[in-house]
1. Quick one: which of 21, 41, 92 is over 20 Å from the mean Cα position of the chain (by Cα) and among the charged types (D, E, K, R)?
2. Would you call residue 165 assigned to a helix (DSSP H, G or I), under 18 Å from the mean Cα position of the chain (by Cα) and buried (at least 16 other Cβ atoms within 10 Å of the Cβ)?
3. List the residue pairs whose Cβ atoms are under 8 Å apart, where the first residue sits in the stretch 125-138 and is over 17 Å from residue 24 (Cβ atoms), the second is among the β-branched types (Val, Ile, Thr) and surrounded by 13 or more Cβ atoms within 10 Å (Cβ to Cβ), and the two are 6 or more positions apart or on different chains.
4. Please work out which residue is nearest to residue 212 (Cα to Cα), limiting yourself to the stretch 135-181 and to residues that are touching a Phe, Trp or Tyr at 6+ places or on another chain (Cβ under 7 Å) and among the hydroxyl-bearing types (Ser, Thr, Tyr).
5. Hey, residue 116 hits all of (1) more than 23 Å from residue 74 (Cα to Cα); (2) in contact (Cβ under 8 Å) with a residue 24 or more places away in the chain but one; which does it fall short on?
6. Give just the number: which of (1) assigned by TED's automatic domain parsing to the domain that holds residue 207; (2) on the phi < 0 side of the Ramachandran plot; (3) among the aliphatic types (A, V, I, L, M) does residue 108 not satisfy?
7. So which helices (runs of 4 or more DSSP H) stay within the stretch 1-87 end to end and still have 3 or more residues that are within 29 Å of residue 153 (Cβ to Cβ)?
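The values are calculated or read from the model by the stated rules, or taken from the named source; none is laboratory data. Everything numeric in this text was worked out from a predicted model, so none of it was measured. All Cβ positions, even for glycine, are placed from backbone atoms using ideal geometry, and neighbour counts span all protein chains on display.
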Amino acid sequence: MRLLIVEDEKPLALVLKKGFEEQGFTVDLSFDGEDGLFLAENYAFDAILLDITLPELDGLTLLKTLRRGGVETPVLMLTAKREMNDKVAGLEMGADDYIAKPFDFPELLARVRSAIRRNKGQIDPEIKIGELSLDTNIRIARRAGQLLKLSSKEYEYLEYLALNRNWVVSRNELLDHIYSTSYDFDSNIIDVYISNLRRKVDRDYTHKLIHTIRGAGYRLCAETVEDE
């Protein structure tokens, strides 16, 4: 999952970046509202952590601009302000949650994960596709009850496909949601990870869950797919 943090307190932003990356997120940082707006409008994110008090452009105006522009990415307001009118204003402008500083990182992490799942129509932290199950809280996957030994990046691919189960996910979408703007990747990196997932998820089973849709991308689903 790819997260944008718009926070002008650089020490806090860097601590949050480290914490979320340790939990398997890809994180982009912005330290002012104008740059944050540019990133949010031009790149794909699964969630945005947005401070209210920002230089150049405040967080509420940034949020309002995003929603008016049709950007539906979940936004969690992160601010030191506790006044009720700020909270109400953020929620009325389309914020998905409101978190006051100081906060506990485990709670923040849980709220971010919950917002991402809700945006995909998934309330329960456990995702099930046929015999495959993923626990998004502890980042493990099982098939037919057997634990799958996945690397952190392999799990990221599988979780993104699972959250978008039954839909075709393009190669560009995988790149956009799993890697940051600064990542220098090889052109065949997706082929490598999808191949690894096929081996670990599907190889020992007659019924395959990961499907390649020619010219379109990949689909994770329990049903048989003919167009491969």
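1. 92
2. On the way: assigned to a helix (DSSP H, G or I): no; under 18 Å from the mean Cα position of the chain (by Cα): yes; buried (at least 16 other Cβ atoms within 10 Å of the Cβ): yes.
No: the conditions fail for residue 165.
3. Close Cβ pairs (under 8 Å, with a partner that is among the β-branched types (Val, Ile, Thr) and surrounded by 13 or more Cβ atoms within 10 Å (Cβ to Cβ)) amount to 132/201; 133/127.
4. 157
5. (1)
6. The failed condition is (1).
7. The helices (runs of 4 or more DSSP H) meeting that bar are 10-22, 33-42.
Every residue, every condition in (1) β-branched (Val, Ile, Thr); (2) touching a Lys or Arg at 6+ places or on another chain (Cβ under 8 Å); (3) farther than 18 Å from residue 80 by Cβ, yes or no:
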position	(1), (2), (3)
15	yes, no, no
26	yes, yes, yes
29	no, yes, yes
32	no, no, no
38	no, no, yes
42	no, no, yes
49	no, no, no
55	no, no, no
